[in-house]
Every structure is written in structure tokens, then in C-alpha cells.
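> Okay, here's the structure, questions in a sec.
Bear in mind that the values in this text are calculations on the coordinates, not laboratory data. Note that the structure is predicted; figures quoted are calculated from it, not measured. Cβ coordinates were reconstructed from backbone atoms using ideal geometry, including for glycine residues, and neighbour counts include every protein chain displayed.
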Amino acid sequence: MFQKILVAIDQSEISQQAFDEAITLAKATNANLMLIHVLSPFSQEYPSPVFPADPSYPGLQSEAIRVHLQQWEILEKQGIEFLKARADQAIAAGVSTEFTQSLGEPGQAICELARIWGAHLVIIGRRGYSGLQELLLSSVSNHVAHHAPCSVLIVQNPELPRTA
């Protein structure tokens, strides 16, 4: 059945629920887990470069770039520490687990890793964007559901209203 399960995680509550589901399913099927965290320059959570409006002060621009790069390095380190903690948790539960962190558009990065790693299942949480919000913020789960090379399990946010 599912021998290789790719789990897309971040630090959201719904992501933790998806991770918990992945551990349960991996234990039941004796599957291996691959955890992925994607750093995206398009996400609201990540730093945007702040450059001085006046290009006649190149020293200010280089300082702004240096600070921006430092912020990204901190985020990369925090992401790896987060992934390692989750991997350790899965391993302690008896599930063979590895992890990776990518930079780019999350939906594309998840689908590409699923293809390269040969995943049998992708598990991802859904925050509940719809309509204009989904269009503007982009739904990673929707992208993965339509472009993944394998089955996709989308863990719903229990706080979302249910439709009949």
C-alpha cells in the first residue's frame, strides 16, 4: 500500500495534525516518512527585503541586503531545527523518518519531491482558504491535490465550517 509517505509541514496547528495522521498511518502500514518544510519568499511569514528609496547611498543598500540575508539564515536554521525535532518525534514512535527543507513555491516543491523520492502518498494540511483568499494567497493543498504524482491525503482544519 503506502510504503513512502511525504508529509508537508510547517509550524501551524493544522500541520501538526497532518503530521500526527502521518505517524499513525506510517505505523499502521510500516511506511517510511519524508518530512518537507518549504521556505517561500512569497509567504507572509518570511522577511521581505527593505531597501532604501535613495540609490545614492549604496552602503545602506548593502547593509539592508546583509540584514535580509541574516534573517533568511535564521529562518533556515529554525526550519532545520523544527524538522529535526519532528523527525526525532516520529523516530521515537518507531517510524523510519528523514527530512528536507526547500526554498521556493511550496506546492511545486512538494510535488517535485514526491516525484523524485517516489512517494506513494502525500499528506498535507488545509488551512481553509477559499474564493478570493485562495486566489490571492494560493492554496498549497489545492495545488498538491491537482499536481502530485501520487495519492494525496488532505487533513482538514476542524474549525472549518462543514458543508452538506
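> Between Val155 and residues 5 or more places away or on another chain, which pairs have amide H atoms under 5 Å apart, with H built 1.01 Å from N, and which residues are they?
HN-HN under 5 Å from Val155: Ile124, Gly125, Arg126.
> Amide H neighbours of Lys4 under 5 Å, at least 5 residues apart or on other chains, H built in the peptide plane: list them.
The answer is Asn32, His120, Leu121.
> Cross-link partners among lysines for Lys27, C-alpha distance below 17 Å, same-chain residues fewer than 8 apart left out?
Once the sequence-local lysines are set aside, what remains near Lys27 is Lys4.
> Also, quick follow-up: Once phi is turned into θ = phi - 60°, what whole-Hz ³J(HN,Hα) does the Karplus curve with 6.51, -1.76 and 1.60 give for every residue of region 13-23, x standing for Gly and Pro?
Whole-Hz 3J(HN,Hα) from phi for region 13-23: 5, 5, 5, 4, 5, 5, 4, 4, 4, 5, 4.
> What's the ranking of 3-10, 68-75 by average number of surrounding C-beta atoms within 10 Å, highest first?
3-10, 68-75
> Then there is this: Could you pull out every residue, at least 5 positions away or on a different chain, whose amide H is within less than 5 Å of the one on Leu103? Hs are placed 1.01 Å off N in the peptide plane, and Pro or chain starts have none.
The list, which skips near neighbours in sequence, is Leu39.
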